[in-house]
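The values are calculated or read from the model by the stated rules, or taken from the named source; none is laboratory data. Source: prediction; values computed, not measured. Cβ atoms come from the backbone with ideal geometry, glycine included; neighbour counts cover every protein chain shown. For accessibility, only protein heavy atoms count, side chains too; no ligands or nucleic acids. Shrake-Rupley method; radii C 1.70, N 1.55, O 1.52, S 1.80 Å.
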Amino acid sequence: MLMAAAAVAMIIANSPIAASYSHILHLIIGPELTPKLGPMTVHLWINDGLMAIFFLLVGLEIKREFVDGHLSTWPDRALPMVAAAAGMIVPAIIYLAVAGGDPALQRGWAIPAATDIAFAIGVLALLGSRAPASLKLFLTTVAIVDDMGAVAIIALFYTAELNIDALTAAGGIWLVMMMLNRFRVNALWPYLILAALLWYATLLSGVHATIAGVMAAFAIPFRRTFAAPDAEDSTLHRLEHALVKPVAFFIVPIFGFANAGVSLAGISLAALIAPLPLGIAMGLFLGKQLGIFTSVWIVVKLGIAARPAHASWMQVYGVALLCGIGFTMSLFIGGLAFTGADQGDAVKIGVLMGSILSAISGYLILRFAVPQKVIIESTI
C-alpha cells in the first residue's frame, strides 16, 4: 500500500490535477496551534499529527524489543546496533562529501541516514523462502535501532528554538505517565489522554511533535508475555496490537501519498545530479551498503557476533542494499531540513532515486544469491 500510495502521488503530481493535489494538501482545516507552524493544514496534520501515532508505534516496538525481544541482551544487540550506527554515519559522510560544499545544504546530512522498515521488509517478503528467517530478523532489528537513531537526530538537530515553559509542561506530563506506570495503572485511557496533552505541549515547545509519540511509548506499562501481541495483561501489547493495522494501512500510506508527489516537468539530467538530490541518492545507495555490510563483516571476523544463521555473505550484502530504502523517514527528515518548495522537490527526487536503486539492486542480489549450505552431521 505504501508503494501504491507513492506511485499514485507521483502520477497525480504529473497530471492535469496536480494543482488540486497541492491545494488539498495546503487546505487550512484547523486553528493555529502554534505561531511557528501557523494555521493547521492537511499536510501539517499528517506530518505533525498522524506521524506522532506512527512514532508511538515505533516507540512501542523499540521498548518491547529491548525488554523482551530480539534486543533484550547485549549479545543480541551487538550486530544490529553496530550495523545501524555504521549505516547512519557512512551515508551522512557521503552526503556531506557530495553536497556539503554548500553551507545551505549541510542541514540535509541526516536524510540518507534512515531506513524505511515498511518498504525494506516489503521487498524482502517478495522473496519468500529465498531469504532465511534470520535475514528478516536482522533487517527488522537494524531498522528498529535505525529508528532510534532517527528519533534522536530529530530531537537533537532539528529543533530550532525552545519554549522552556512548554518543554517543562511536557516533561511534567511525561513524569505523571511514568508515575502511573510505577503504580501499576494498566488501563489505557489515562495514558492516551496524557499522550495527547504531551503531544500538544511538545508541539508548543519547539521540539518536533512526533517525539511525543516515542516518549509516550516509553511510559506505557509492559509485561513480558512471550511474544503474545494481544495479551490482555500487557498494556503495551494491547496498544501495539491495536495500532499496527491503522498505522500500516492508513497512516503510512497517507504520509507517502502526501509527501512523495513531485512534478518531473522540466527535470533534466543536470537537476538529477545536482548536489542535493545526488548527495541523498548516493548516501542511501552507496552509504548504506558500505556502512552496514562492512561493519557486519568486521564484527563477525572479530568474533563479537555471529553472521545471521543460514545466510551467505552475498545474502547479507543484499539486505545491506535493502537498508538503502529510506522512503518514509528520509522524506520526513527532509521536510524538517528544507522547507523551500524547490529544495523539497530535490529531496524527494534524491530519496526516490536512492530508494529505487537500493530496492531493485537488493532484490536482484537476494533473488539470485546462493544460500549458505547447511551441513547436517549424523552419527551411527
Test result for residue 184, in contact with a Pro (Cβ under 8 Å, 6 or more places away or on another chain) and of a type in the set (D, E, K, R): yes
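Among 153, 144, 111, which is the only one that is touching a Ser or Thr at 6+ places or on another chain (Cβ under 7 Å) and under 29 Å from residue 84 (Cα atoms)? Steps first, please.
Values: 153 fails: touching a Ser or Thr at 6+ places or on another chain (Cβ under 7 Å); 144 fails: touching a Ser or Thr at 6+ places or on another chain (Cβ under 7 Å).
The conditions single out 111.
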Residue match in segment 1-13 (condition: closer than 16 Å to residue 251 by Cβ and not in a helix (DSSP H, G or I)): yes
Count of residues meeting criterion [touching a Gly at 6+ places or on another chain (Cβ under 7 Å) and either among the aliphatic types (A, V, I, L, M) or closer than 11 Å to residue 216 by Cβ (or both)] in segment 162-188: 1
Positions within segment 336-362 being charged (D, E, K, R) and either at pLDDT 90 or above or open to solvent by less than 70 Å² (accessible area, probe 1.4 Å) (or both), in sequence order: 345, 348
Restricting segment 14-45 to residues that are open to solvent by 80 Å² or more (accessible area, probe 1.4 Å) and not in a strand (DSSP E or B), the residue that is nearest to residue 118 (Cα to Cα): 45
Unmet requirement for residue 300, which otherwise passes all of (1) closer than 18 Å to residue 279 by Cβ; (2) surrounded by fewer than 17 Cβ atoms within 10 Å (Cβ to Cβ); (3) of a type in the set (Val, Ile, Thr): (1)
Of all residues making up segment 101-149, the number that are aliphatic (A, V, I, L, M) and within 15 Å of the chain's Cα centre (by Cα): 14
Selection count where residues are in a loop (DSSP other than H, G, I, E, B) and among the basic types (Lys, Arg), scope segment 179-206: 1
Complete set of residues in segment 288-309 that are part of a loop (DSSP other than H, G, I, E, B) and in contact with a helix residue (DSSP H, G or I) (Cβ under 6 Å, 6 or more places away or on another chain): 304, 305, 307, 308, 309
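Considering every residue within segment 56-64, establish whether at least one is among the small types (Gly, Ala, Ser) and either in contact with a Phe, Trp or Tyr (Cβ under 7 Å, 6 or more places away or on another chain) or under 25 Å from residue 212 (Cα atoms) (or both).
Taking segment 56-64 first, the residues among the small types (Gly, Ala, Ser) are 59.
Keeping just the survivors that are either in contact with a Phe, Trp or Tyr (Cβ under 7 Å, 6 or more places away or on another chain) or under 25 Å from residue 212 (Cα atoms) (or both) gives 59.
Within segment 56-64, one or more residues are among the small types (Gly, Ala, Ser) and either in contact with a Phe, Trp or Tyr (Cβ under 7 Å, 6 or more places away or on another chain) or under 25 Å from residue 212 (Cα atoms) (or both).
Please pick out the residue among 365, 333, 376 that is open to solvent by less than 40 Å² (accessible area, probe 1.4 Å) and either in a helix (DSSP H, G or I) or at pLDDT below 90 (or both).
So the residue among 365, 333, 376 that is open to solvent by less than 40 Å² (accessible area, probe 1.4 Å) and either in a helix (DSSP H, G or I) or at pLDDT below 90 (or both) is 333.
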The listed residue being within 21 Å of the chain's Cα centre (by Cα), outside any helix (DSSP H, G or I) and of a type outside the set (Asp, Glu), out of 265, 209: 209
Hits in segment 149-175 - residues which are surrounded by fewer than 15 Cβ atoms within 10 Å (Cβ to Cβ) and either touching a residue at least 24 places away in the same chain (Cβ under 8 Å) or of a type in the set (A, V, I, L, M) (or both): 152, 156, 157, 160, 161, 162, 164, 175
Residue within segment 107-119 that is open to solvent by 10 Å² or more (accessible area, probe 1.4 Å), within 20 Å of residue 55 (Cα to Cα) and among the aliphatic types (A, V, I, L, M) present: yes
Hey, residue 131 crowded, with 23+ Cβ neighbours inside 10 Å and either out of contact with any helix residue (DSSP H, G or I) (no Cβ under 6 Å at 6 or more places or on another chain) or farther than 19 Å from residue 74 by Cβ (or both) or not: yes
So residue 286, is it open to solvent by 20 Å² or more (accessible area, probe 1.4 Å) and at pLDDT below 90: no
Every pair of residues 6+ apart whose Cβ atoms lie under 6 Å, when the first sits in segment 128-148 and is of a type in the set (Val, Ile, Thr) while the second is surrounded by fewer than 19 Cβ atoms within 10 Å (Cβ to Cβ): 141/70
Given (1) surrounded by fewer than 16 Cβ atoms within 10 Å (Cβ to Cβ); (2) at pLDDT 90 or above; (3) of a type in the set (A, V, I, L, M), number of the condition residue 264 does not satisfy: (2)
Qualifying residue in segment 65-88 (condition: touching a residue at least 40 places away in the same chain (Cβ under 8 Å), of a type in the set (Asp, Glu), open to solvent by 10 Å² or more (accessible area, probe 1.4 Å) and farther than 30 Å from residue 235 by Cβ): no
Enumeration of residues in segment 215-234 that are modelled with pLDDT of 90 or more and open to solvent by less than 70 Å² (accessible area, probe 1.4 Å): 215, 216, 217, 219, 220, 221
